[in-house]
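Colleague: Take a look at the following structure, please.
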There are 2 protein chains.
Amino acid sequence: MGNGKLYLIPNFVYKGNKNDISINQLSIIYSITEFIVESEKVTRMFLKSIEHPVKQDNFMFHLYNEHNLNIVDFNEIFKNVKLGENIGLISDAGIPCVADPGSKVVEYAHKNNIKIVPMGGSSSIFLALMASGMNGQQFTFNGYLPLDTSKRLKKLKSMEKEVESSGTTQIFMETPYRNNQLLEMLVKTLNSETVLFIAAGIHSPNQIFERKKIKFWKNFKIDLNKIPTIFIIGN
Amino acid sequence: MGNGKLYLIPNFVYKGNKNDISINQLSIIYSITEFIVESEKVTRMFLKSIEHPVKQDNFMFHLYNEHNLNIVDFNEIFKNVKLGENIGLISDAGIPCVADPGSKVVEYAHKNNIKIVPMGGSSSIFLALMASGMNGQQFTFNGYLPLDTSKRLKKLKSMEKEVESSGTTQIFMETPYRNNQLLEMLVKTLNSETVLFIAAGIHSPNQIFERKKIKFWKNFKIDLNKIPTIFIIGN
């Protein structure tokens, strides 16, 4: 018997139900009962929201997140896959392996000849890029900015320089409770003609899309505290 | 009466039917009859494949692609939107505004207070990134590489340097009939320890996912001629 497959399963960016997933994707997810997850609670909620027909007691979860990155035993996690069972990788929001540590799971699959099946879905990063009206032909996702203030300032300046020299759109994030501080720093640090797009609470009832030059952001008040937000600068 | 909305509608990466789209997305697309498109033929095929209930004669299409970028009159295109009608932006494959000129449409919408609704879906670029097992926390999409050989070599070297110095995954493309030549150049130019992932014909019956160090690519034959392909280097 050959190996099972590794399915890369998108979660919702905000909330959703089974009518937000295609019938073909649903039927695949309904056939899987073992998952590699960022958090068990969030995954159980997802499986419940899409009305997965298997009882919650019968799921098997393997935790894989920023806290146990280096101690996880992939051989153990993939034991059933090597016996022919399929497994799903699912993150707490959006598509797995983008802005989360999932790529190490996929790397293991490559090295062990396990077939990888990436499934299409929503990602706050790409929804934000689409909605920004910024150059989508060259762009960089920078992840989280450095915490240290001087390193952070340097990073902001280098991203802005990249926009000016090559036109490459720059996408980045912050821990949600520090969003307002980051916005304040952006307004103080960037050139007044630089265009900043903010996508906050994507797909939620309070979704915010605002695209303005820095000189207009100076007088535009917005509260991003604790709201998952994507920041984009470009031209 | 207020403005209508601009819906950013994903197309399939390969082929599909209405069972590949969620019920909620389908009901939105079914309510739209006016579209901004890269090509009319491909869009008609998409609308047919998802069984759009409106007769083909009753659709209105506005062409917007690399050939008429600078002569399109957005005021004309958005005339009905300003009267309250919704419009859809749809590209020939994958999500709009990524690796296509759609962002200018969205920029116009921002400047004219037209609400933008990005819809989740598949993109060959992100499916490839997910399937690569490369770092998905920092990555750059470089689009098409320069045609000129010396500029192209320089770009390849600078991407490789970026992978080595910052760990930022580098994604790029080529016109499909030149894929084999690009692969040859990659094998000759990059360091033997650099990891190259190739995703070709994503979601098609002949889909290829191969992830190897350059030293192994030297002895690995693969024909990418005319197959839409995403190239990724990283570690």
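Colleague: List pairs: first in region A:207-235 and assigned by TED's automatic domain parsing to the domain that holds A:M185 and part of a loop (DSSP other than H, G, I, E, B), second surrounded by 15 or more Cβ atoms within 10 Å (Cβ to Cβ) and of a type in the set (S, T, Y), Cβ under 7 Å, 6+ apart or cross-chain?
Modeller: Pairs found: A:P228/A:S124.
Colleague: What is the number of the single condition among (1) assigned by TED's automatic domain parsing to the domain that holds A:V37; (2) surrounded by 15 or more Cβ atoms within 10 Å (Cβ to Cβ); (3) over 25 Å from A:S39 (Cα atoms); (4) of a type outside the set (V, I, T) that A:N113 does not meet?
Modeller: With (1) assigned by TED's automatic domain parsing to the domain that holds A:V37; (2) surrounded by 15 or more Cβ atoms within 10 Å (Cβ to Cβ); (3) over 25 Å from A:S39 (Cα atoms); (4) of a type outside the set (V, I, T) applied to A:N113, the lone miss is (2).
Colleague: Report whether or not B:K82 is basic (K, R), at the interface with another protein chain (Cβ under 10 Å from one of its Cβ atoms) and in contact (Cβ under 8 Å) with a residue 60 or more places away in the chain.
Modeller: No.
Colleague: Can you tell me which residues in region A:103-118 are within 8 Å of chain B (Cβ to nearest Cβ) and more than 10 Å from A:L6 (Cβ to Cβ)?
Modeller: Answer for region A:103-118, where residues must be within 8 Å of chain B (Cβ to nearest Cβ) and more than 10 Å from A:L6 (Cβ to Cβ): A:S103, A:K104, A:E107.
A quick yes/no check of all residues on (1) surrounded by fewer than 20 Cβ atoms within 10 Å (Cβ to Cβ); (2) within 14 Å of chain B (Cβ to nearest Cβ); (3) free of Cβ contacts under 8 Å to residues at least 40 places away in the same chain:
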residue: A:L6; (1), (2), (3): no, yes, no
residue: A:Y14; (1), (2), (3): yes, yes, no
residue: A:N19; (1), (2), (3): yes, yes, yes
residue: A:K48; (1), (2), (3): yes, no, yes
residue: A:V54; (1), (2), (3): yes, no, yes
residue: A:H67; (1), (2), (3): yes, no, yes
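Colleague: Which of the numbered conditions does B:V98 fail, given that it passes all the others? Conditions: (1) within 7 Å of another protein chain (Cβ to nearest Cβ); (2) of a type in the set (V, I, T); (3) within 24 Å of B:E162 (Cα to Cα); (4) not in a loop (DSSP other than H, G, I, E, B).
Modeller: (4)
Colleague: Right, here's the next one. Could you grab me the full set of residues in region B:21-33 that are touching a helix residue (DSSP H, G or I) at 6+ places or on another chain (Cβ under 8 Å) and away from chain A (no Cβ under 13 Å)?
Modeller: Answer for region B:21-33, where residues must be touching a helix residue (DSSP H, G or I) at 6+ places or on another chain (Cβ under 8 Å) and away from chain A (no Cβ under 13 Å): just B:T33.
Colleague: Still on this structure: If we only count helices (runs of 4 or more DSSP H) wholly inside region A:1-94, which ones have 2 or more residues that are within 21 Å of the chain's Cα centre (by Cα) and farther than 20 Å from B:A131 by Cα?
Modeller: Fully inside region A:1-94 and qualifying: A:40-49.
Colleague: Look through B:L89, B:L127, B:L153, B:L145 and report the one residue that is in contact (Cβ under 8 Å) with a residue 12 or more places away in the chain, buried (at least 24 other Cβ atoms within 10 Å of the Cβ), touching a helix residue (DSSP H, G or I) at 6+ places or on another chain (Cβ under 7 Å) and among the aliphatic types (A, V, I, L, M).
Modeller: So the residue among B:L89, B:L127, B:L153, B:L145 that is in contact (Cβ under 8 Å) with a residue 12 or more places away in the chain, buried (at least 24 other Cβ atoms within 10 Å of the Cβ), touching a helix residue (DSSP H, G or I) at 6+ places or on another chain (Cβ under 7 Å) and among the aliphatic types (A, V, I, L, M) is B:L89.
Colleague: Quick check on A:S166: is it touching a His at 6+ places or on another chain (Cβ under 8 Å) and within 12 Å of chain B (Cβ to nearest Cβ)?
Modeller: no
Colleague: Which count do you get for residues in region A:119-163 that are away from every other protein chain (no Cβ under 11 Å), outside any loop (DSSP other than H, G, I, E, B) and acidic (D, E)?
Modeller: Residues that pass the stated criteria total 1.
Colleague: With respect to the numbered conditions (1) more than 19 Å from A:I202 (Cβ to Cβ); (2) within 12 Å of chain A (Cβ to nearest Cβ), which one is the sole condition not fulfilled by B:D73?
Modeller: Condition (2) is where B:D73 drops out.
The values are calculated or read from the model by the stated rules, or taken from the named source; none is laboratory data. Since this is a predicted model, take the numbers as computed values, not measurements. For neighbour counting, all protein chains shown are included, and Cβ atoms are generated from backbone atoms with ideal geometry for every residue, glycine included.
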